[in-house]
Each structure stands twice: as C-alpha cells, then as structure tokens.
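In what follows, a structure is listed as structure tokens, so that the remarks can point back to it.
The values are calculated or read from the model by the stated rules, or taken from the named source; none is laboratory data. Note that the structure is predicted; figures quoted are calculated from it, not measured. Cβ coordinates were reconstructed from backbone atoms using ideal geometry, including for glycine residues, and neighbour counts include every protein chain displayed.
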Amino acid sequence: MMDYQHQLKIQAYLDGELSGPEAKEVSDWLTGQPDAAALMTELRQTGEALTGFEEGLKLPESREFFWSKVSRGIQIQENRARADAQAAPVGWLIRFRRFLMPAAGVAVISLLALVVTRETGGGPSNPAVETSLADGGGVVYHDFSAGATFVWLSYPPDSDSSEEDDAGSLDQ
Amino acid sequence: MSEADHSSADDPTLVRAAQTGDMLAFEELVARHRDKIYARAFSMMRNEDEAVDLSQEAWVKGWQRLHQFQGESSFGTWMTRIVINLCLDQLRKHKRQRTESIEEMTEESGGVERQMPVVTINPTARLERAELRARIDRALGQLSHEHRTVLVLHEFEDLEYKEIAKVMECSIGTVMSRLFYARRKMAALLADVKNENWK
C-alpha cells in the first residue's frame, strides 16, 4: 500500500503543484503503480463531478427585493459613517482625557501653591511654610531665606493609598 | 447613463460609472453577479439564509470599497473574494461557538482516508445532472467546514495551495491533507460506498 506522503504527492501532481523534476519523478513512478494510477483517476473524477455545481444555484430572491435590501444596507452604512465623522472630535477628547486629567491636577496644585505663597507674605520671621494639600495629594514647602519653593506630588494621592492600606488591614 | 445603457454596458463601464456614485450602474452589476456570489456563499455555508445575508453584506462592502477596485481581476472575481472572506469570518465565529466535530477528530486521529478503497465515479454515465447536483449537495453538507472550504477554494475558485493556506491561515501541508480527505470522502459519498470506516 502507498504511504501517505506518496498519496499527497499524487494529488499535488494532479493539481500541478509540483516543480518540473518532481512532476517527472511522480509521472515515472505512476507508470508502474496501478494503485497510484487508480487513486489519481479517483481524485480527478471527483474534481470533474464538482464542475458546474455552483451554476445551478440561484439566489432565492427577486432582483427588486434583493436590491432593496442591498441599497438599504448601503444607506445604513453611509449614515453610520456620517455619524462617526461627526462624533470624531468628541472621540478625540475622550481618548485624551486620561492625559488631560493629571495635567489639570498639576495645574490646580500649582495654583494653590502660588496662592499659599502670596498669603503667607514671606519675611524673616516666617522663614519656611509647609502646607499639606491632602485632597490633591501634594505638599508645598517654601523657604524664603533660600528663595526656594518645593512641590511634592504623589499620584495617586497618598490619601488614596492609605485608605487602601486600611481596607486591606481590615481583612486580616 | 440611462437604464437601457446600463443593461447594455459591459462590466468595466458599469464599474467606472458606479465608482462615480451611479447607483443604477451598481444595481445592474448586482443583478448580473448576484447568483454567482450567492452560490459561493451557499457552497461554503450550506445554509440558505446565511448565504443570502452574507451575499447581501458582500454587496454592501463591494459598494463601500469600490474605489479600491483597480481592475486587476474581473469585477465578478473581486466580488467573489469579498464574499469568501465574509464566509471565512463567519465560519471562524461558528467554530469558536462549537466544540470540535467528530469529523475533525477523525482526521486528527485516524486518517481513514488513507486506507479507503479507490472508487470510480462516472457522473455523466450514471446520473442525470440534477441528480448528481443533489448528491454533491448532500455530500458537501457532510464535510466539516474546514474540508469543504478547502475543496471549494480549490475546485471552484481555482486557488493554489499557498493561496488557500494564506486565506485559511494554516500551513500548505494542512491544505494538502484537508483537500485529500475532502476529495476522498466526496468520492466515497458520490459512489455510494458503504464503508464502516467512514461512519
């Protein structure tokens, strides 16, 4: 009995998938192999039996009805495309929201730092001010003598992480 | 272009008109090729409703992508490729939803097609065309969708092994194996071979 690789070779030969030398090799081999020749005949006849099969299949709907469905589908797709195009700027805003939110947080903290600095006035009797902005998760330190201001930011805010720690400890 | 012009115009002329937004030209193209597109969808899906829906979807996609059609192949071939891709997507969805069929397990474990006795099919001598078509129809329905798809792409679409492997996202060896199995099973079914190995 032929092995599987030979069977597949016969099929590839029939389908014209072999290179010239390979095809010649299989052709020569087939001459002395009645089993192989019979298999090739079977494979070829199967292909021939399928010829023209699809020609007998007809769409089971009238031209007018089918076209009405196609044209409605086209209309729906075009309306959807128009709606997507109109919604595009909003979509852009939503996608960039995650970048805008931290930036807005930094801006708020900077503004608060500026306000605090002005209110304390600055002077030799008040060389340093430390203000904790618990809600924002930031701390401002201003050293008038050195003329320096430091702003520490934590993201997410320390208050959030401490709450999580607390919650975790409750479970234990 | 008038309605009479549409019906007498050739495909390339209608395509050019449709590319400029002429819906009547596109309607004429649909009318000319709708049976072929449906037939391909039906061969692959084996379900009339799905084949109608997918061929309709193919025409909608065809309209949307019409500007991409450059005329390297015929319009009918281009549309056929669209419906084939839609069918493949649909079959992949089906596959995700179902467990492996017995058909596939047989292929994996036994390779019964290798031991099948060779049969002779002589359709024109023994069967009327309509009867043969009905038997082919039933036989195709007994193949798994993987085997049927390979057979359809090779026999009806004339794709080479490497092209089939590409569209089905598998190796050429798998294509050869599936095609061999599909042909041998079809041969057996068309020759009314009753063999316990196939059950």
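Some observations on this one:
- Every residue from segment A:42-84 that is in contact with a helix residue (DSSP H, G or I) (Cβ under 8 Å, 6 or more places away or on another chain) and more than 9 Å from chain B (Cβ to nearest Cβ): A:Arg44
- Test: residue in segment A:48-59 that is surrounded by 12 or more Cβ atoms within 10 Å (Cβ to Cβ) and aromatic (Phe, Trp, Tyr): yes
- Qualifying positions in segment B:63-84 - free of Cβ contacts under 8 Å to residues at least 24 places away in the same chain and either of a type in the set (S, T, N, Q) or more than 16 Å from B:Ala31 (Cα to Cα) (or both): B:Gln64, B:Arg65, B:Gln68, B:Gln70, B:Glu72, B:Ser73, B:Thr77, B:Arg81
- Lone qualifier among A:Leu14, A:Leu39, A:Leu30 - being more than 10 Å from chain B (Cβ to nearest Cβ), farther than 27 Å from B:Leu29 by Cβ and surrounded by 13 or more Cβ atoms within 10 Å (Cβ to Cβ): A:Leu30
- Residue match in segment B:20-43 (condition: over 13 Å from the mean Cα position of the chain (by Cα), away from every other protein chain (no Cβ under 12 Å) and not aliphatic (A, V, I, L, M)): yes
- Checking B:Cys87 against (1) more than 11 Å from chain A (Cβ to nearest Cβ); (2) under 18 Å from the mean Cα position of the chain (by Cα); (3) surrounded by fewer than 20 Cβ atoms within 10 Å (Cβ to Cβ), the condition it does not meet: (3)
- Residue check, B:Ala4 at pLDDT 95 or above and either aliphatic (A, V, I, L, M) or in the same structural domain as B:Ser177 (by TED's automatic domain parsing) (or both): no
- Any hit, segment A:108-117, residues being farther than 30 Å from B:Gln64 by Cα, surrounded by 10 or more Cβ atoms within 10 Å (Cβ to Cβ) and modelled with pLDDT under 75: yes
- Helices (runs of 4 or more DSSP H) fully within segment A:1-116 counting 1 or more residues that are touching a Lys or Arg at 6+ places or on another chain (Cβ under 7 Å), within 23 Å of B:Ala39 (Cα to Cα) and without any contact (Cβ under 8 Å) to a residue 12 or more places away in the chain: A:34-50, A:63-95
- Failed item, numbered, when B:Ser73 is tested on (1) away from chain A (no Cβ under 12 Å); (2) under 19 Å from the mean Cα position of the chain (by Cα); (3) at pLDDT 95 or above: (3)
- Of all residues in segment B:133-165 being aliphatic (A, V, I, L, M) and more than 10 Å from chain A (Cβ to nearest Cβ), the one that is surrounded by the fewest Cβ atoms within 10 Å (Cβ to Cβ): B:Ala165
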